[in-house]
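Here is the structure we will look at.
The values are calculated or read from the model by the stated rules, or taken from the named source; none is laboratory data. Bear in mind that the values here come from a model prediction, so they are computed numbers and not experimental data. Glycine gets a Cβ as well: all are built from the backbone with ideal geometry, and neighbour counts include every protein chain shown.
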Amino acid sequence: MRHLNYNHLLYFWTVAREGSIAKATEVLHLTPQTISVQLKILEESVGEPLFSRAGRGLVLTEFGHLVFQYADEIFSIGEELCVRLKSKDASMAPSLQVGITNSIPKLIAMRILQPALEGDEPIKLICKEGSLESLLGGLAVHQLDMIISDCAIPAGLNVKAYSHALGNSDIGFFAKTTNARRYIKDFPRSLNNAPLLLPTTGNPIRSGLEVWLDSHDISPTLVAEFEDSALMKAFGEEGLGVFPSPEVIQDEIETMYKCRMLGKADSVREYYYAISPERKLKHPIVLEIIEAARDNLFGS
């Protein structure tokens, strides 16, 4: 298929959304015969059937579902454009859609993205969370402008995307302020048998922390594991265990979660990346975010 006829795609999308050709005729103000012919032409163009018969109705084939997802995105964006063009509010802010991996600390993501909301030009920031694999899918179909991640794109992954290093941070151990004194003295030996909260096994720093504990011959009591770093900190705030977190946000953690840093896990660092669909960055707001992270957040 070299060229896609968007009129044909619109007819297909309307039939799929309305559930039948008869209902689509009312929306499109066309005859059933006209719509049927256009659907046939579209199917010949894409090379596979888009619908199959189910009694008197039509149901999407597996390939039809795929085409519908793209068509839905295309026409939804078209509707947004119409609203934007008709709007009398000339100051309507452009949007920046950012994917944030589940494992990255939310305070880090906030600090990285904060400059985007403090610039001279107003923008609307749209943040979506998910696994790196799912977010890369959104980046590939232009649903995202960038991804903030605590790991680079895995080697061998067949995606057109590029990792841009933002910086890194030492990892510290934190405990509720009222419990901290018992652990600060004789750290890190004080962590032996201490209740410990850790990220789940898939987290980039988990294996590094385990190696560090083992190298110091420390055997804490693992009481809970978390995919969500904010939830782990909430448990730490209640005094339910010692937890690791990036040193770069030490002040925020100590203030928000009423905790104190006990010491650092030397040799364990967390790395942060911006992932974009282009090797040479062009988006001005993305460039501003990356430069601010490198110079201000991680520069020291």
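Among the residues of segment 104-143 satisfying the criterion of being surrounded by 15 or more Cβ atoms within 10 Å (Cβ to Cβ) and among the basic types (Lys, Arg), which is farthest from Leu166 (Cα to Cα)?
Result: Lys106.
Is it true that Ile253 is buried (at least 21 other Cβ atoms within 10 Å of the Cβ), within 26 Å of Leu135 (Cα to Cα) and among the β-branched types (Val, Ile, Thr)?
no
What number of residues within segment 46-80 are β-branched (Val, Ile, Thr), assigned to a helix (DSSP H, G or I) and farther than 18 Å from Val141 by Cα?
Adding up the residues that qualify gives 1.
When you look at Glu133, is it modelled with pLDDT under 90, outside any loop (DSSP other than H, G, I, E, B) and of a type in the set (Asp, Glu), yes or no?
yes
If a residue must be surrounded by 15 or more Cβ atoms within 10 Å (Cβ to Cβ) and not in a helix (DSSP H, G or I), how many such residues does segment 264-291 contain?
Residues meeting the conditions: 14.
Give segment 57-81 a look and list any residue that's in contact (Cβ under 8 Å) with a residue 24 or more places away in the chain and under 13 Å from Ile21 (Cα atoms), or say none.
Gly57, Leu58, Leu60
From the list Arg260, Arg294, which one is part of a helix (DSSP H, G or I), of a type in the set (Lys, Arg) and surrounded by fewer than 21 Cβ atoms within 10 Å (Cβ to Cβ)?
Arg294
Out of Glu247, Glu291, I need the residue that is within 30 Å of Pro195 (Cα to Cα) and of a type in the set (Asp, Glu). Which one?
Going through Glu247, Glu291 in turn, just one is within 30 Å of Pro195 (Cα to Cα) and of a type in the set (Asp, Glu): Glu247.
Does segment 199-207 include one or more residues that are polar (S, T, N, Q), buried (at least 20 other Cβ atoms within 10 Å of the Cβ) and over 13 Å from Lys264 (Cβ atoms)? It would help to see each step written out before you state the result.
Filtering segment 199-207 down to residues polar (S, T, N, Q) leaves 200-201, 203, 207.
Filter again for buried (at least 20 other Cβ atoms within 10 Å of the Cβ), leaving 203.
Now drop any that are not over 13 Å from Lys264 (Cβ atoms), which leaves 203.
Looking for residues that are polar (S, T, N, Q), buried (at least 20 other Cβ atoms within 10 Å of the Cβ) and over 13 Å from Lys264 (Cβ atoms), one finds at least one in segment 199-207, hence yes.
Out of curiosity, is Ala180 over 21 Å from Glu227 (Cα atoms), of a type in the set (A, V, I, L, M) and surrounded by 18 or more Cβ atoms within 10 Å (Cβ to Cβ)?
So Ala180 fits the description; yes.
Does segment 52-65 hold any residues that are of a type in the set (A, V, I, L, M) and touching a strand residue (DSSP E or B) at 6+ places or on another chain (Cβ under 9 Å), and which are they? Don't jump to the end; show me each part of the working.
Pass one, segment 52-65, residues of a type in the set (A, V, I, L, M): 54, 58-60.
Passing the criteria: Leu58, Val59, Leu60.
Taking the conditions exactly as written (in the same structural domain as Val67 (by TED's automatic domain parsing), under 35 Å from the mean Cα position of the chain (by Cα), of a type in the set (Asp, Glu) and part of a helix (DSSP H, G or I)), does Glu43 satisfy them or not?
For Glu43, the condition - in the same structural domain as Val67 (by TED's automatic domain parsing), under 35 Å from the mean Cα position of the chain (by Cα), of a type in the set (Asp, Glu) and part of a helix (DSSP H, G or I) - is met.
Taking strands (runs of 3 or more DSSP E) that fall entirely within segment 138-255, which contain at least 1 residues that are modelled with pLDDT of 95 or more and not assigned by TED's automatic domain parsing to the domain that holds Glu270?
On the way: elements: 146-149, 162-176, 195-199, 221-226, 243-246.
Filter on segment 138-255 gives an empty set.
In the list Ser215, Ser229, Ser245, which residue meets the criterion of being polar (S, T, N, Q) and farther than 28 Å from Asp145 by Cα?
Ser215
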